[in-house]
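Input: a single structure, listed below in structure tokens.
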Amino acid sequence: MTDIISALAECLGDQHVILGADITNRATSYWRPEPTQTLALLKPRSTDEVSQILALCHAHNQPVVVQGGLTGCVDGAISTDQEVIISLERMNKIESIDPIGGTATVEAGVILEVLHSTLADEGLMFPLDLGARGSCTIGGNISTNAGGINVLRYGMMRDLVLGLEAVLADGTVISSMNQMIKNNAGYDIKQLFIGSEGTLGVVTRAVVKIHPRPTSKNSAMVAVQDFDAVTGFLQYLRGALGGTLSAFEVMWGNYFYAVTEPGWHRSPMQRDHPFYIMIETEGSDPETDTSRFNDTLERAFETEIISDAVIPKSEAERKSLWDIRENFEAILEKQPYYLYDVSLPIKDMPEYVSRVHTALHEQFTDAACYVLGHVADGNLHLFLCPGEPGNWHESCDQVVYGPLESFNGSISAEHGIGTEKISWLGISRSEPEIALMRQLKTTMDPTKILGAERVIPRT
Ligand SMILES: Cc1cc2nc3c(=O)[nH]c(=O)nc-3n(C[C@H](O)[C@H](O)[C@H](O)COP(=O)(O)OP(=O)(O)OC[C@H]3O[C@@H](n4cnc5c(N)ncnc54)[C@H](O)[C@@H]3O)c2cc1C
């Protein structure tokens with residue numbers, strides 16, 4: 001055992017420093033089944049233990065990677081065999097819920113879905129929601145500034161965090177557990193840790209905003225004939241449904257077709273429409289909300305904004321409609337595939353997608369590009385499948401990011417940079433912005449032990 005591992009074992013107890021075969025049993029991440037590589041996996045139980053770990057690692061110049069639920073899409077949580085992992089899995093307590101103040105205070109390892117169900121039992125809700133809800137953690141959501149399906153109504157994670165506690169690379173604890181919406185006392189330090197993907201500190205606890213649980217939820221899947229109808233329908237819903245629209249998830253026709261192939265999801269309508277949209281509203285008056293929702297859809301049908309619609313009659317039917325949007329196993333079978341997460345002005349989306357298709361087919365004759373996305377917040381996800389065995393990651397990156405620059409788009413709407421997109425950061429951030437990121441990193445982590453070689457490109 002090396003000096004640093006012995007010191008860590010002394011601090012945490014042997015049973016919380018995982019080594020050898022106990023690590024290789026763990027998959028690298030949701031996306032990668034191969035075994036985890038690391039020097040040691042550490043499972044602290046408190047902020048104080050995280051602080052002790054980091055003080056030791058700082059003193060020994062030992063690189064560290066933080067892990068939450070391992071659902072991140074850009075490989076930021078994946079360690080090398082020279083890094084130690086801090087896993088927040090034992091820090092999974094919901095400490096308190098304050099319905100009057102509208103806050104929940106949680107440890108960073110709390111699974112998002114556990115927070116949802118605990119709050120639901122008390123007639124409350126936390127609005128962040130995404131397909132990985134059963135595994136991802138609040139700490140991971142904070143560190144990636146997660147988005148998901150309710151952003152158009154409630155904002156991203158950055159809008160949902162009131163306070164947090166984080167440990168800097170040298171072990172210093174920054175406790176900024178603010179509970180108020182208003183607090184302009186100096187810099188808003190928590191924002192440094194939100195979206196910085198574990199490179200500036202380890203988030204250990206947080207205060208998040210919660211709301212009364214809506215008593216009505218109305219959902220539908222609709223089909224439309226072109227992208228103008230997608231945006232027209234969005235504008236129409238915003239006007240007709242006021243602030244109750246909480247989700248507007250668009251699927252391009254070939255995505256819908258692929259995930260409803262025999263053996264995958266059952267299709268609730270014809271499979272050859274150009275676009276499908278999953279919409280949802282949340283409100284507090286079940287009778288009025290439902291009749292307004294149904295009338296709104298009926299008018300959209302009569303005025304030919306939409307060409308087909310399915311309204312689920314039960315929670316099970318609603319879930320199976322959402323499954324078409326959220327469960328894309330059928331695409332993941334088409335190896336190799338590459339997942340992208342870009343944002344750009346909504347009006348430019350059809351032209352951008354068309355340029356991606358052209359560039360892809362110029363290189364790969366049997367390729368496919370499946371597009372879906374949150375759209376209302378400018379976010380598209382693309383699965384590029386070159387249709388040929390081999391590693392085509394770089395070529396596909398070029399296909400997706402090449403045309404993005406001319407639309408002033410972002411290479412990451414919500415997944416972050418991690419290691420995967422590091423060489424492309426310059427497309428979405430200027431040199432002075434990247435230089436300031438480097439300065440912040442040097443100030444907060446002078447020995448660069450935290451999430452090294454992630455997010456910020458080398459000089
Ligand atoms: C099926 C599926 C659907 C998804 N849908 C969405 C979506 O709609 N919107 C979206 O935004 N994302 C989505 N994601 C991506 C992913 O779920 C989010 O990025 C999520 O926030 C990651 O949380 P995690 O706990 O799994 O973090 P991890 O994957 O473990 O880590 C992600 C990053 O955060 C860092 N990190 C983790 N915990 C901490 C901590 N406590 N302190 C400091 N750094 C930390 C890690 O080092 C890493 O860089 C999806 C993923 C899957 C698999």
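The values are calculated or read from the model by the stated rules, or taken from the named source; none is laboratory data. Because the structure is a prediction, the values reported are computed rather than measured. Don't worry about glycine lacking a Cβ; one is built from the backbone with ideal geometry, like all the others, and counts go over all protein chains shown.
Figures for the structure shown
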item: Hey, Ala132 near the ligand (Cβ under 9 Å from one of its atoms) and outside any helix (DSSP H, G or I) or not; result: yes
item: Answer from Leu119, Leu115, Leu124, Leu160 - the residue that is in the same structural domain as Ala206 (by TED's automatic domain parsing), touching a Phe, Trp or Tyr at 6+ places or on another chain (Cβ under 8 Å), over 27 Å from His381 (Cα atoms) and modelled with pLDDT of 95 or more; result: Leu119
item: Any hit, the stretch 207-224, residues being within 15 Å of the ligand (Cβ to nearest atom), in contact (Cβ under 8 Å) with a residue 12 or more places away in the chain and not assigned by TED's automatic domain parsing to the domain that holds Asp295; result: yes
item: Residues (more than 29 Å from Met125 (Cβ to Cβ) and in contact with a strand residue (DSSP E or B) (Cβ under 9 Å, 6 or more places away or on another chain)) located in the stretch 154-186; result: Val167, Leu168, Ala169, Val173
item: Some residue of the stretch 76-90 being hydrophobic (A, V, I, L, M, F, W, C) and under 29 Å from Pro212 (Cα atoms); result: yes
item: Contacts under 6 angstrom Cβ, first residue in the stretch 329-344 being assigned by TED's automatic domain parsing to the domain that holds Asp366 and within 15 Å of Leu372 (Cβ to Cβ), partner surrounded by fewer than 18 Cβ atoms within 10 Å (Cβ to Cβ) and among the polar types (S, T, N, Q), 6 or more apart; result: Ser343/Ser410
item: Within the stretch 135-172, considering residues that are in a strand (DSSP E or B) and free of Cβ contacts under 8 Å to residues at least 60 places away in the same chain, the one nearest to the ligand (Cβ to nearest atom); result: Ala166
item: Of all residues making up the stretch 29-42, the number that are more than 13 Å from the ligand (Cβ to nearest atom) and touching a Lys or Arg at 6+ places or on another chain (Cβ under 9 Å); result: 1
item: Residue in the stretch 421-436 that is touching a residue at least 40 places away in the same chain (Cβ under 8 Å) and within 16 Å of the ligand (Cβ to nearest atom) present; result: yes
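Here is a yes/no grid of residues against (1) within 12 Å of the ligand (Cβ to nearest atom); (2) farther than 13 Å from Leu450 by Cα; (3) surrounded by fewer than 23 Cβ atoms within 10 Å (Cβ to Cβ):
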| site | (1), (2), (3) |
| --- | --- |
| Gly68 | yes, yes, no |
| Asp75 | yes, yes, yes |
| Ile78 | yes, no, no |
| Glu89 | yes, yes, yes |
| Glu95 | no, yes, yes |
| Pro99 | no, yes, yes |
| Ala104 | no, yes, no |
